1. Within the range 86-118, can you find the residues that are closer than 30 Å to residue 157 by Cβ and modelled with pLDDT of 90 or more?
2. Got a sec? Which of 133, 121, 144 is assigned to a helix (DSSP H, G or I) and either surrounded by 10 or more Cβ atoms within 10 Å (Cβ to Cβ) or at pLDDT below 85 (or both)?
3. Restricting attention to the range 144-182, which residues are in contact with a Ser or Thr (Cβ under 8 Å, 6 or more places away or on another chain) and either assigned by TED's automatic domain parsing to the domain that holds residue 61 or within 22 Å of residue 107 (Cβ to Cβ) (or both)?
4. In the range 59-85, what count of residues is obtained for those that are at pLDDT 95 or above and buried (at least 16 other Cβ atoms within 10 Å of the Cβ)?
5. Among the candidates 162, 101, 168, single out the residue that is touching a helix residue (DSSP H, G or I) at 6+ places or on another chain (Cβ under 8 Å), more than 24 Å from residue 55 (Cα to Cα) and small (Gly, Ala, Ser).
Amino acid sequence: MNFQCKQTYVPKKVCGAILAGLILFSSLHVNAQEPITINSDNSVTITYIDPKAEKVEVQGTFFQKGNSLIPMAGMFSKDGKAEMTNTGNGVWTYTSQPLSSELYWYDFVVNEDSVRFDKRNRDTTRDIGSTYNYFIIKGGIGDNFTDAQTKKGTLEYDWYPSSLNGMSKRRMAVYLPHGYKS
């Protein structure tokens, strides 16, 4: 298509509207990709969008953990990670091996120094000061983490006195089954 933005052919406002529509349509196409796709074989395709990223890795509980020995402290393990593939336009993807039924956490390492959670995936959880995304593979123990089709309880948050140095109070979450009155 060759638009000429002259008053005699196509008014400038129309050209601007067409250009804005094309830009909007192209960004909708990129953002239409789901952040998590659970494939038929229970492998998971994770998509991350960042046009400025030079390298993106996904790390999570669905990888084999790497162990490290810290002298005087003991053996610790860390979630594994894998490099994602840049498919163009700042879209990065990774497809896992088939996974067993479970709830899995993940986040991203961008440009080797910045850990980020997936803002496009609304399924998030906190672990002290960190935020992680999660996904659930159904068909086994993972079913315990999905919404049941029964009456639901509530999650109540409360502060309690703490004897930890520098922390006079700590917060806890308590699940109250359906019908339980606090």
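1. Correct list: 101, 102, 103, 104, 105, 106, 107, 108.
2. 144
3. Hits for the range 144-182: nothing passes.
4. Adding up the residues that qualify gives 1.
5. Of 162, 101, 168, the one residue that is touching a helix residue (DSSP H, G or I) at 6+ places or on another chain (Cβ under 8 Å), more than 24 Å from residue 55 (Cα to Cα) and small (Gly, Ala, Ser) is 101.
The values are calculated or read from the model by the stated rules, or taken from the named source; none is laboratory data. No experiment lies behind these values; they were computed from the predicted model shown. Positions of Cβ are generated from backbone atoms using ideal geometry, with glycine treated the same way; all protein chains shown enter the neighbour counts.
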